[in-house]
Amino acid sequence: MSNVSPLSSPETIQLFERCVVPNYNRFPVALVRGEGSYVWDSEGNRYLDFFNGWGCNLLGHCPPPVVEAVRDQLGKLIHVPNTWYTELQGRWAEALSARSFGGQAFFCNSGTEANEAAIKLARLSGSSKRRYKIITFEGGFHGRTLGSTTATAQPKYHRGLGPLMAGFVYAPFGDLDAAKGLIDAETAAILIEPIQGEGGVRIPPDGFLKGLRDLADQHELLLIFDEVQTGCGRTGQWFAYQAFGVQPDVMTLAKALCGGLAGGAMLATPAAAKSLLPGMHAATFGGNPLAARAGLATIEMIESQGLLEHAQRLGDLFEKRLRELQSQCDLIREVRVRGVMIGIELSVEGAEAVRACMERRLLINCTNATVLRLLPAMNLAEEQAHEGLDILSDVLKKQAKNHFSS
Ligand SMILES: Cc1ncc(COP(=O)(O)O)c(C=O)c1O
């Protein structure tokens, strides 16, 4: 590759058309470089990224301490399988456990894998009582492997895949009575995102997660929090559940876990973890030295740079500016902010605003048709926050003007 001249964006697109499975909708731009909250395309255009790597690049693109740690580790030991011990994996597990609920870690490579581990753990822990059902919530998202897809209570992701996995039942998000009504003698667990991400940055009503905890305790179910998107500092806490004062038995992590490298984890209380006996589950690359080193460097960077507190300040800044904008722009129905997890519910579909921002070199996302989702880096500078918010405000005000004058 080193002596091949770089392709333009249109040339890269042609290459994809020939050689890459067309299962993604992509913007017609090839990105070549990233630094902090900016990325550059093959043509040299710079974009401000408010949707860093679908939430994976919570520390921005190529965070220097993570890059340095990974470079160093690359020359020492990249991969050894889990038939051996490595100090790095043990230390990584210890660091995550100390910042959450004292659980034990199983490592894998992605969010969906972490959720598959949690699904198997739930079934294994319920197996002596013939319990296998898992309650999940409408609008949730848990990944793309078949178990996680079935756990995802959104019909659009199920189309054409049936028969799906048995044993998942769905309740409306926020409806405690409905969740209670689904519990029977075969129920093993409740699986939920403490804040729904893909579902539109939906924050549960007061007392809902606590109510689920009580139900889980009463019926001896595992309470599993999918913190793949909300975890690792995104909401200004290490984990979103910490702001709700409710502790899970099992938690799944990925996305931002390794500062932009692939990595996933499931944490489980020692009592729950004991159901995963040797031979019952595995991930060949899980917890490899490179991922562990990146994961540890990520935690260290967040703490040494005070980034949880910075994410909270950024959340306040976004909330203030977006509420001001809401008062001036009739397209905005609701603003939902927790740290650097931001949803702007519109009264129209959001695709046009995403396109218009992209033309102004600001990258944002739209989810659930009408919700603009921003997942900026937690080390975004305040001036960059204002720079992007100025563009977004302009775009939405113009769109509102056109919408209401037509
Ligand atoms: C809450 C949640 N769980 C699971 C996943 C799946 O993660 P991955 O794409 O790493 O498999 C996602 C991905 O967006 C997610 O947001």
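Here, each number is a calculation from the coordinates, and none is a lab measurement. Everything numeric in this text was worked out from a predicted model, so none of it was measured. Don't worry about glycine lacking a Cβ; one is built from the backbone with ideal geometry, like all the others, and counts go over all protein chains shown.
Return the FRET efficiency for the residue pair LEU7, SER405: r is the Cβ-Cβ distance, R0 is 60 Å, and the value is rounded to the nearest 0.05.
Numbers: r = 42 Å, r/R0 = 0.70.
Efficiency at R0 = 60 Å is approximately 0.90.
Helix by helix, which DSSP H runs in the chain go 24 Å or more along their axis at the Cα atoms and have an average Kyte-Doolittle hydropathy of -1.0 or more? Could you put the intermediate results ahead of the total?
Details: long enough: 307-328 (31 Å, -0.86); 382-405 (34 Å, -0.90).
Long hydrophobic helices here: 307-328, 382-405.
In the structure displayed, which of LYS180/LYS274; LYS156/LYS398; LYS255/LYS397; LYS320/LYS401; LYS156/LYS320; LYS255/LYS398 lie more than 30 Å apart, Cα to Cα? Don't jump to the answer; show the numbers that get you there.
Values: LYS180/LYS274 27 Å; LYS156/LYS398 32 Å; LYS255/LYS397 32 Å; LYS320/LYS401 22 Å; LYS156/LYS320 34 Å; LYS255/LYS398 34 Å.
With Cα atoms farther than 30 Å apart: LYS156/LYS398; LYS255/LYS397; LYS156/LYS320; LYS255/LYS398.
How large is the Rg to Rh ratio of segment 77-304 when both quantities use alpha carbon positions and Rh follows Kirkwood?
Ratio of gyration radius to Kirkwood radius: 0.95.
Calculate, in nm to one decimal, what GLU349 and SER127 gain on full extension: separation in residues at 0.36 nm each, minus their alpha carbon distance. Numbers along the way, then the final one.
Working: separation 222, 0.36 × 222 = 79.92 nm, distance 4.46 nm.
Fully extending the segment from GLU349 to SER127 adds 75.5 nm.
At what distance in nm do the modelled label points of LEU15 and ASP206 sit from each other, each positioned 7 Å from its Cα along Cα→Cβ?
In this crude label model, LEU15 to ASP206 measures out at 5.5 nm.
Tell me the mean residue ellipticity at 222 nm calculated for the chain from its helices only (DSSP H runs of n ≥ 4, each -39500 (n - 2.57), averaged over every residue, nearest 500).
Values: 13 runs with 155 residues, N = 406.
One gets -12000 deg cm²/dmol as the mean residue ellipticity at 222 nm.
Based on Cβ point charges of +1 for Lys and Arg and -1 for Asp and Glu, what charge dipole magnitude is obtained for segment 77-304 about its Cα centre, in debye rounded to the nearest 20? Mind dumping the intermediate values first?
Values: 19 positive and 20 negative charges, 91 e Å.
Its charge dipole is roughly 440 debye.
Could you tell me the distance between the Cα centroids of segment 291-350 and segment 205-276, to the nearest Å?
If you average the Cα positions of each part, the centres end up 20 Å apart.
With the crude spin-label approximation of a point 7 Å out along Cα→Cβ, what separation in nm comes out for HIS386 versus ARG91?
Inter-label distance under the simple model: 4.0 nm.
With a cut-off of 8 Å between alpha carbons and a minimum separation of six or more residues, what is the relative contact order of the chain in percent?
Details: 789 pairs, mean separation 85.2, N = 406.
Reported relative contact order: 21 percent.
Is the chain best put as rounded, prolate or oblate by its Cα gyration tensor, with a ≥ b ≥ c the root eigenvalues, rounded for a/c under 1.5, and otherwise prolate when a/b is larger than b/c, oblate when not?
Values: a/c = 1.61, a/b = 1.22, b/c = 1.32.
Oblate, because a/c is 1.5 or more while a/b does not exceed b/c.
Based on the alpha-carbon gyration tensor of segment 129-204 and its eigenvalue square roots a ≥ b ≥ c, which shape applies: rounded if a/c is under 1.5, prolate if not and a/b is larger than b/c, or oblate?
Values: a/c = 1.98, a/b = 1.08, b/c = 1.84.
Oblate, because a/c is 1.5 or more while a/b does not exceed b/c.
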